[in-house]
Amino acid sequence: MYDYLIVGAGLAGSVLAERLASQLNAKILLVEKRNHIAGNIFDYTDENGILVHKYGPHAFHTNSLKVSKYLSNFTGWRFYEHRVLVNQHGKEYPFPVNINTLNMLYDLDLKNESEMQSYLDSVRIKKDVILNSEDLVLNNVGSDIYQKFYKYYTLKQWKLPPEKLSPSVCGRIPVRFNFDDRYFTDNFQYIPDNGYTKMVQNMLNHKNIQIAVNTDYLNVIDSVKFNKIIFTGPLDLYFNYIHGKLPYRSLVFKYEYHDVEYYQKVAQVNYCSIPPDFTRVVEFKHLTGQKAPGTTIAKEFPVSEGDPFYPIPNEENNRVFNLYKKEALKIKNLYFCGRLADYKYYNMDQVVARALKLFEKIAGRI
Ligand SMILES: Cc1cc2nc3c(=O)[nH]c(=O)nc-3n(C[C@H](O)[C@H](O)[C@H](O)COP(=O)(O)OP(=O)(O)OC[C@H]3O[C@@H](n4cnc5c(N)ncnc54)[C@H](O)[C@@H]3O)c2cc1C
C-alpha cells in the first residue's frame, strides 16, 4: 500500500517524491515509462566518454533563492553562463541581439543604450497593436533583423510563420541595449557539478521511494494500491484525449563525435536560415566543463511527432487545455504538476518552484 502513486520521474515528480517521503514520511511508488529517471533533464556518458544531455542542452538559471537552496541539498554546482551565437551564412553574431550584434551586422560603432535605441528607432516598423510574433519583432528591431534572425528560425522550429504565433513565442527572447551577450541574466546560473541525473538520483535516494522505470502508469494503476495520485504526464493522455489531442513540437537529435577539442566557440549555435533543416548545434562540453581530447555535438531537427517538448501556444490549444483543466478539477485525491500536465513551457526552476508549492499545499502549510 502506497500513500502516493507519482507518475513521471522528471523534475516535478522527483521533487514531490523527495518532499513527501522526507518531510511527511509518505510511502511513494514513482513510475516512469522511459528507461531512466530525470525526465527531460537526463544526461549520460556516451560511447566516446562525453557527458551529453539527451533531450537538448539544459542550462540551469534562477532568481529564486528558495529553488537554488532546495536543489543545493542534492548537488554541488559549476558556474556556467549560457551563450548563444547565430550563424548567418558562415558568420557568427551574438544573440540575443545586443549592441555588438548590431555593430557586427551593419559595421556600426554604437557605444551605449541611447545610440542603440536611436538606431533601432530608425529601422523599426512601428505597430500600434501587437497581434502576433511578427508584429512584435518588426516593432522592436525592424525587417532586416526579423528576416535574418527570427523568421526562418521560427518557421523551422514551429512549422508556422511568426505571424501565426502568439507574441509570447518570439517575446521570450529579449533585445539588450548594452553589451551583455549572456542568454540569461538570472542571479544564479550554475550546472550540477556531477550532472542532472546524479542530482535526481540523490533526490530519490530514500527508503520510502520505490522507483519503477519502463513502466507506463496504465499498466499498474489497477494492480497497485495507493491513496493519492500525482500526475506529471500529459494532461490529455490522462483523460484519454476526450477533448482531442494537445499538440506539441518535438526534436530529433543527431549526434556527431569530432576528434577536436572544441567544435564551436559556445555551447549553442543557432542556424537561422533555410537550409539547413536543423535549428541549432549544441556542444555539450561547454555546458558541462568536461575536459577531453574529442567532443560530441548534437544537431537539432524540429519535427511534429515524437517526445512532447514544446506546447504550441495559441487560442485553440488554450481552449482545449481549459476543457481538460475543468475535468481535472472534478477529481479528488489527484494532483497535476509539471510542464506536460500544465501544457506550458516551464524552465527547470519554474517546475521546481511549482512542485515545492504543491507539496506545501498537500502538507497543509499554505
Ligand atoms: C529541448 C529542451 C531544452 C530545454 N532547456 C532548458 C534550459 O536550458 N533551462 C531550463 O531551465 N529548462 C530547459 N528546458 C525545460 C526543462 O526540460 C523542463 O522544465 C523540465 O524538464 C520539466 O520537468 P517535468 O517533470 O515537468 O517534465 P518531464 O521532464 O517531461 O517529466 C515528465 C515525465 O513523465 C513521464 N511520463 C509521461 N507519460 C507517462 C506515463 N503514461 N507513465 C509513466 N510516465 C510517464 C515522461 O516520460 C517524463 O519522464 C528545456 C526543455 C527542452 C524540451
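Some points to look at:
- Of all residues in the stretch 108-133, those being more than 28 Å from LEU165 (Cα to Cα), surrounded by 12 or more Cβ atoms within 10 Å (Cβ to Cβ) and either among the acidic types (Asp, Glu) or in contact (Cβ under 8 Å) with a residue 40 or more places away in the chain (or both) number 2.
- Just one of (1) within 14 Å of the ligand (Cβ to nearest atom); (2) under 30 Å from LYS254 (Cα atoms); (3) in contact with a Phe, Trp or Tyr (Cβ under 6 Å, 6 or more places away or on another chain) fails for PHE79. It is (1).
- Residues (β-branched (Val, Ile, Thr) and either in contact with a Gly (Cβ under 8 Å, 6 or more places away or on another chain) or part of a helix (DSSP H, G or I) (or both)) located in the stretch 162-204: VAL169, ILE191, THR197, VAL200
- Residue selected from the stretch 216-266 under the condition among the acidic types (Asp, Glu) and not assigned by TED's automatic domain parsing to the domain that holds GLU315, by the criterion farthest from the ligand (Cβ to nearest atom): ASP259
- Some residue of the stretch 304-319 being at pLDDT 95 or above, part of a helix (DSSP H, G or I) and loosely packed, with under 14 Cβ neighbours inside 10 Å: yes
- Residues in the stretch 205-215 that are within 10 Å of the ligand (Cβ to nearest atom), assigned to a loop (DSSP other than H, G, I, E, B) and closer than 23 Å to SER22 by Cα: VAL213 alone.
- Total residues in the stretch 245-261, condition surrounded by fewer than 13 Cβ atoms within 10 Å (Cβ to Cβ) and either touching a Phe, Trp or Tyr at 6+ places or on another chain (Cβ under 9 Å) or not aliphatic (A, V, I, L, M) (or both): 5
- Pairs with Cβ under 9 Å, 6+ apart, first in the stretch 174-198 and under 18 Å from GLY56 (Cα atoms), second at pLDDT below 95 and of a type in the set (Val, Ile, Thr): TYR183/ILE173
- Taking each residue of the stretch 335-358 that is within 6 Å of the ligand (Cβ to nearest atom) and looking for partners that are at pLDDT below 95 with beta-carbon atoms closer than 9 Å, six or more apart or interchain, yields ARG339/PRO311; ARG339/TYR345; LEU340/PRO311.
- Residue that is nearest to LEU358 (Cα to Cα), among those in the stretch 10-44 that are near the ligand (Cβ under 6 Å from one of its atoms) and part of a loop (DSSP other than H, G, I, E, B): GLY10
- Residues that are away from the ligand (no atom under 15 Å from the Cβ), of a type in the set (Ser, Thr, Tyr), at pLDDT 95 or above and in a loop (DSSP other than H, G, I, E, B) do not occur anywhere in the stretch 45-67.
- From THR279, THR295, residue being within 13 Å of the ligand (Cβ to nearest atom) and crowded, with 16+ Cβ neighbours inside 10 Å: THR279
- Checking LEU105, LEU136, LEU85 one by one, the residue that is out of contact with any helix residue (DSSP H, G or I) (no Cβ under 7 Å at 6 or more places or on another chain), in a helix (DSSP H, G or I) and in contact (Cβ under 8 Å) with a residue 24 or more places away in the chain is LEU105 and no other.
- Residue check for ASP349: assigned to a helix (DSSP H, G or I) and either in contact with a strand residue (DSSP E or B) (Cβ under 8 Å, 6 or more places away or on another chain) or farther than 17 Å from TYR248 by Cβ (or both): yes
- Filter result for LEU160 (within 30 Å of ASN140 (Cα to Cα), among the aliphatic types (A, V, I, L, M), in the same structural domain as GLU134 (by TED's automatic domain parsing) and at pLDDT below 95): yes
The values are calculated or read from the model by the stated rules, or taken from the named source; none is laboratory data. On a predicted model such as this, the values are computed, not experimentally measured, just so you know. With ideal geometry, Cβ positions are generated from the backbone for all residues, glycine too; neighbour counts draw on all protein chains shown.
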